[in-house]
1. Return yes or no: is residue 78 farther than 25 Å from residue 136 by Cβ, of a type in the set (Asp, Glu) and either out of contact with any Leu (no Cβ under 6 Å at 6 or more places or on another chain) or free of Cβ contacts under 8 Å to residues at least 40 places away in the same chain (or both)?
2. Give me the residue from region 112-151 that is of a type outside the set (Gly, Ala, Ser) and farther than 22 Å from residue 27 by Cα and, out of that set, nearest to the chain's Cα centre (by Cα).
3. Limited to region 147-188, what total is found for residues that are among the aromatic types (Phe, Trp, Tyr) and farther than 23 Å from residue 113 by Cα?
4. If residue 45 satisfies every condition in (1) closer than 25 Å to residue 139 by Cβ; (2) at pLDDT 90 or above; (3) more than 17 Å from the chain's Cα centre (by Cα) but one, which is the exception?
5. Any idea which of 73, 3, 47, 21 is crowded, with 16+ Cβ neighbours inside 10 Å and either small (Gly, Ala, Ser) or without any contact (Cβ under 8 Å) to a residue 12 or more places away in the chain (or both)?
6. In region 136-155, what count of residues is obtained for those that are in contact with a helix residue (DSSP H, G or I) (Cβ under 9 Å, 6 or more places away or on another chain), of a type outside the set (Lys, Arg) and surrounded by 17 or more Cβ atoms within 10 Å (Cβ to Cβ)?
7. Spot the failing condition for residue 91; the list is (1) open to solvent by 40 Å² or more (accessible area, probe 1.4 Å); (2) free of Cβ contacts under 8 Å to residues at least 60 places away in the same chain, and only one is missed.
8. Does residue 64 satisfy the condition of being at pLDDT 90 or above, open to solvent by less than 60 Å² (accessible area, probe 1.4 Å) and under 30 Å from residue 181 (Cα atoms)?
Amino acid sequence: YIADMVDNFSIKKTDVEKTPAAEDLFSEGKGDKLDKERAKEFHTVVAKGLFVCKRARPDIHPTIAVLCTRVKAPNESDWSKLIRLLKHLNGTRDEVLTLGGDNLHVIKWCVDAAFAAHPDFKSHTGGSMSFGRGAAQTISRKQKLNSRSSTEAELIGADDASVLILWTKLFMEAQGYHVDKNILYQDNKS
């Protein structure tokens, strides 16, 4: 699936990027609006990327989350971000997601927020769930409301993830695994 995404863009085997996004990921950037045909192609590839990031490549999830916010009116800057993502996938197409569990009765979530990262000053929530090795589930999304501080953004991020945190616990218990601990890690004490 990744090979199809990359090969349709005439990206050479030597065209690779170490990371899926540059520092300007959250900026709207400048440039002309894409014509109808390229906008449709942009939308299609972003949709395929969304499938890939949920199934096998959580490392591209933040980039895809941002590109998803741009599918209605993509511009040349967004196109460049998409090409960079495809170059990253090109260089890492043989990487696979490896999952492992130390203890299926302990679920560990790490959730963080980037304060006012988007051009409209909304923050961005990111998180992952693990049983010990690999991210079995990830979240990366633009927050739906503006926050007044990074502390508030962290609380909104924890709330954004709480639905998945609870759902995962209930799912594991429905599979016959009693959950002893459902841990949420955050990066600050405020």
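The values are calculated or read from the model by the stated rules, or taken from the named source; none is laboratory data. Everything numeric here is computed off the predicted structure, so don't read it as measured data. All Cβ positions, glycine included, derive from the backbone under ideal geometry; neighbour counts span all protein chains shown. To get the accessible areas, we keep the full protein, side chains included, count just its heavy atoms, and leave off ligands, DNA and RNA. Shrake-Rupley method; radii C 1.70, N 1.55, O 1.52, S 1.80 Å.
1. Values: farther than 25 Å from residue 136 by Cβ: yes; of a type in the set (Asp, Glu): yes; either out of contact with any Leu (no Cβ under 6 Å at 6 or more places or on another chain) or free of Cβ contacts under 8 Å to residues at least 40 places away in the same chain (or both): yes.
Criteria met by residue 78.
2. Once the filter is applied, the top-ranked residue is 138.
3. So in region 147-188, the residues among the aromatic types (Phe, Trp, Tyr) come out as 167, 171, 177, 185.
Then keep just the ones that are farther than 23 Å from residue 113 by Cα; that gives 171, 177.
Number of matching residues: 2.
4. Answer for residue 45: the failing condition is (3).
5. Details: 73 fails: crowded, with 16+ Cβ neighbours inside 10 Å; 3 fails: crowded, with 16+ Cβ neighbours inside 10 Å; 47 fails: crowded, with 16+ Cβ neighbours inside 10 Å.
Result: 21 is the single residue among 73, 3, 47, 21 that is crowded, with 16+ Cβ neighbours inside 10 Å and either small (Gly, Ala, Ser) or without any contact (Cβ under 8 Å) to a residue 12 or more places away in the chain (or both).
6. 7
7. Result: residue 91 passes all but (2).
8. Working: at pLDDT 90 or above: yes; open to solvent by less than 60 Å² (accessible area, probe 1.4 Å): yes; under 30 Å from residue 181 (Cα atoms): no.
When the stated conditions are applied, residue 64 does not pass them.
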